[in-house]
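Notes for the one structure printed next.
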Amino acid sequence: MKLHLTALPGIFCVVRQDKDAALPDWFSLKSPLACACRTADELSLLSPQQDVPAAVPGERNLRAFKVAVPLEFTQTGILAAIAAPLAEAEIPIFAISTFETDYFLVPAARFEQAAELLSISFDVSL
């Protein structure tokens, strides 16, 4: 069975904050894709780009894909199958896994190229 990838609408930004930083007022989990991850080293935020003030440094102009079916914890190699052809084409990714599925973001300028490469192994809906 070929896995199905769907493109999410919108442009996203990933921001790094200090490890002890509070969630900024502009950050919201109301978007269809938003993420806050705190580690011992940092607080990373993924947000729709229009919500991130221009003065806040971050990786901007990212587009997102979603693995469009719930994945079982026993399934292996999904992210590797996505990352390998993109790495070969030197397209960087930012990956996020949730309980049910995987998301990955690529630079918006390389989005169409990424979709074309991934369509070899996956069903891709733009």
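Within region 27-80, the residues that satisfy the criterion of being surrounded by 13 or more Cβ atoms within 10 Å (Cβ to Cβ) and either among the aromatic types (F, W, Y) or assigned to a helix (DSSP H, G or I) (or both) are F27, Q49, D51, F65, I78, L79. In region 1-11, of all residues being at pLDDT below 95 and either surrounded by fewer than 14 Cβ atoms within 10 Å (Cβ to Cβ) or among the acidic types (D, E) (or both), the one that is farthest from A36 (Cα to Cα) corresponds to M1.
Here V124 clears all of (1) more than 14 Å from the chain's Cα centre (by Cα); (2) surrounded by 13 or more Cβ atoms within 10 Å (Cβ to Cβ); (3) modelled with pLDDT of 95 or more; (4) not in a loop (DSSP other than H, G, I, E, B) except the condition numbered (3).
Spot the failing condition for F99; the list is (1) modelled with pLDDT of 95 or more; (2) over 17 Å from C13 (Cα atoms); (3) open to solvent by 40 Å² or more (accessible area, probe 1.4 Å), and only one is missed. All conditions are met except number (1).
In the condition set (1) in contact with a strand residue (DSSP E or B) (Cβ under 7 Å, 6 or more places away or on another chain); (2) at negative phi, R38 is compliant with all but (1).
Confirm whether A55 is under 30 Å from D18 (Cβ atoms), of a type outside the set (D, E) and more than 16 Å from the chain's Cα centre (by Cα). Taking the combined requirement at face value, the residue satisfies it.
Among the residues of region 102-120, those identified as over 22 Å from Q49 (Cβ atoms) and either out of contact with any helix residue (DSSP H, G or I) (no Cβ under 6 Å at 6 or more places or on another chain) or free of Cβ contacts under 8 Å to residues at least 24 places away in the same chain (or both) are E116, L118, S119, I120. Hey, among the residues in region 85-96 that are free of Cβ contacts under 8 Å to residues at least 60 places away in the same chain and either open to solvent by 60 Å² or more (accessible area, probe 1.4 Å) or touching a Cys at 6+ places or on another chain (Cβ under 9 Å) (or both), which one's farthest from Q49 (Cα to Cα)? Selected residue: E88. If only residues of region 12-26 that are outside any loop (DSSP other than H, G, I, E, B) and either charged (D, E, K, R) or open to solvent by 60 Å² or more (accessible area, probe 1.4 Å) (or both) are counted, the one that is nearest to F111 (Cα to Cα) is R16.
The values are calculated or read from the model by the stated rules, or taken from the named source; none is laboratory data. Computed from a predicted model, the values in this text were never measured in an experiment. Virtual Cβ from ideal backbone geometry, glycine too; neighbours counted across all protein chains shown. Each accessible area value is taken on the protein alone, full model and side chains, heavy atoms only, with ligands, DNA and RNA left out. Shrake-Rupley method; radii C 1.70, N 1.55, O 1.52, S 1.80 Å.
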